[in-house]
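The values are calculated or read from the model by the stated rules, or taken from the named source; none is laboratory data. All of these numbers come straight from a predicted model, not from anything done at the bench. Cβ placement follows ideal geometry from the backbone for every residue including glycine, while neighbour counts extend to all protein chains displayed.
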Amino acid sequence: MSGVPVYHGMDRAALDRQYSPSTRVASLQAYLDEYRRLSEDARRDHPVRPGLAYGPHPAELLDYFPGRPGPGRPPLLVFVHGGNWQALGRAESAFPAPKLLAAGAAVAVVEYGLAPDTPLDAMAGMVRRSVDWLLRHADELGFAPDRLHLCGTSAGAHLAAMALLPYPADGPDVSGRIAGAVLLSGMYDLEPVRLSYVNDALRLDAAGALRNSPLFRLPTRLPALVVARGGNETEEYVRQHDRMVAALRPRAAVTEVVAERRDHFDLPYDLGVRGTGLGDAVLAQLGLGKATE
């Protein structure tokens, strides 16, 4: 019922605003158009193996950008897109690749099934399956299997965090095989998400929200993590970030980044960009802290 508090003093309308990061920017469509344009540029200007099937579902595809030739195998950054678990895909998500490639990394851009057709447990399983497939094909693809780093933004950050957890509900357990993770503007407690408009597509019950809330399922030890958010985020995204950072610190080496001049949608533009807080933290985690040009 409108006006009745349902979570931490917020009613449904307030939660809907809080989990609509587009309310903080002038035009969501402008970002989506730019994602697609920059991703088309990345695939045009760099060698890529598009549409590699990592599983049986039609959406289980990834684009692989090999690292440039060098004396050793490069690290791999696996990018998991956002979109509230119900939008976007590979076509709009290759835009971080050029800067990361220039810094010396290989890049994989993962597509996964979307809500409402794909349940959230299955989405998390797909991301795990992509990691498992990449690791099994590391020799063929040419990256260092002990240097796979998983990166997600928004809903993708949630799915990346889920891949760090042992005993998965769906997909292989890859929790001990990921060298590091980068979580951008994520949602880690899904109970408030369940009570917002986002759940119209996700269709989570209370048990499903808890099962898919990495904040409450973190193991004792985790790989190195970069956890970042923009300065222009809703209060709920800030709260989710703060709670996750606090929960992670006893379990892992955590680099926290708050990019004051960035918002929910342009924060990923800093991936691989030297001289930015996020770019420098990610490149340091990848072992590419010094310029390779």
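Values as computed for the structure displayed
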{"read-out": "Test: residue in the range 169-181 that is over 19 Å from Thr153 (Cα atoms) and acidic (Asp, Glu)", "value": "yes"}
{"read-out": "Hits in the range 131-168 - residues which are assigned to a helix (DSSP H, G or I) and either buried (at least 24 other Cβ atoms within 10 Å of the Cβ) or touching an Asp or Glu at 6+ places or on another chain (Cβ under 6 Å) (or both)", "value": "Val131, Leu134, Ala155, Gly156, Ala157, His158, Leu159, Ala160, Ala161, Met162, Ala163"}
{"read-out": "Pair list, Cβ under 7 Å, 6 or more apart: the range 140-151 residue on the phi > 0 side of the Ramachandran plot, other residue basic (Lys, Arg)", "value": "Gly142/Arg73"}
{"read-out": "Options Val238, Val198, Val182, Val174: the member that is in contact with a Phe, Trp or Tyr (Cβ under 6 Å, 6 or more places away or on another chain) and aliphatic (A, V, I, L, M)", "value": "Val198"}
{"read-out": "Number of the condition not met by Val198 [criteria: (1) of a type in the set (A, V, I, L, M); (2) without any contact (Cβ under 8 Å) to a residue 60 or more places away in the chain; (3) surrounded by fewer than 24 Cβ atoms within 10 Å (Cβ to Cβ)]", "value": "(2)"}
{"read-out": "All positions within the range 238-276 that are more than 25 Å from Ser27 (Cα to Cα) and in contact with a strand residue (DSSP E or B) (Cβ under 8 Å, 6 or more places away or on another chain)", "value": "Met244, Val245, Leu248, Ala252, Ala253, Val254, Thr255, Glu256"}
{"read-out": "Flag if Arg90 is surrounded by fewer than 24 Cβ atoms within 10 Å (Cβ to Cβ) and free of Cβ contacts under 8 Å to residues at least 60 places away in the same chain", "value": "yes"}
{"read-out": "Residues (β-branched (Val, Ile, Thr) and within 25 Å of Asp280 (Cα to Cα)) located in the range 208-233", "value": "Val226, Val227"}
{"read-out": "Flag for Ser213 being in contact with a Phe, Trp or Tyr (Cβ under 7 Å, 6 or more places away or on another chain), within 18 Å of Pro21 (Cβ to Cβ) and crowded, with 19+ Cβ neighbours inside 10 Å", "value": "no"}
{"read-out": "Subset of the range 223-245 [hydrophobic (A, V, I, L, M, F, W, C) and touching a helix residue (DSSP H, G or I) at 6+ places or on another chain (Cβ under 7 Å)]", "value": "Ala224, Leu225, Val226, Val227, Ala228, Met244"}
{"read-out": "Any hit, the range 235-253, residues being modelled with pLDDT of 95 or more, more than 23 Å from Thr118 (Cβ to Cβ), in contact with a Ser or Thr (Cβ under 6 Å, 6 or more places away or on another chain) and buried (at least 23 other Cβ atoms within 10 Å of the Cβ)", "value": "no"}
{"read-out": "Qualifying positions in the range 265-285 - surrounded by fewer than 24 Cβ atoms within 10 Å (Cβ to Cβ) and either outside any helix (DSSP H, G or I) or among the hydroxyl-bearing types (Ser, Thr, Tyr) (or both)", "value": "Asp266, Tyr269, Val273, Arg274, Gly275, Thr276"}
{"read-out": "Residue in the range 12-24 that is farther than 24 Å from Tyr269 by Cα, in contact with a Phe, Trp or Tyr (Cβ under 9 Å, 6 or more places away or on another chain) and either hydroxyl-bearing (Ser, Thr, Tyr) or without any contact (Cβ under 8 Å) to a residue 24 or more places away in the chain (or both) present", "value": "yes"}
{"read-out": "Helices (runs of 4 or more DSSP H) completely within the range 169-264 that count 1 or more residues being among the small types (Gly, Ala, Ser)", "value": "199-202, 206-211, 235-248"}
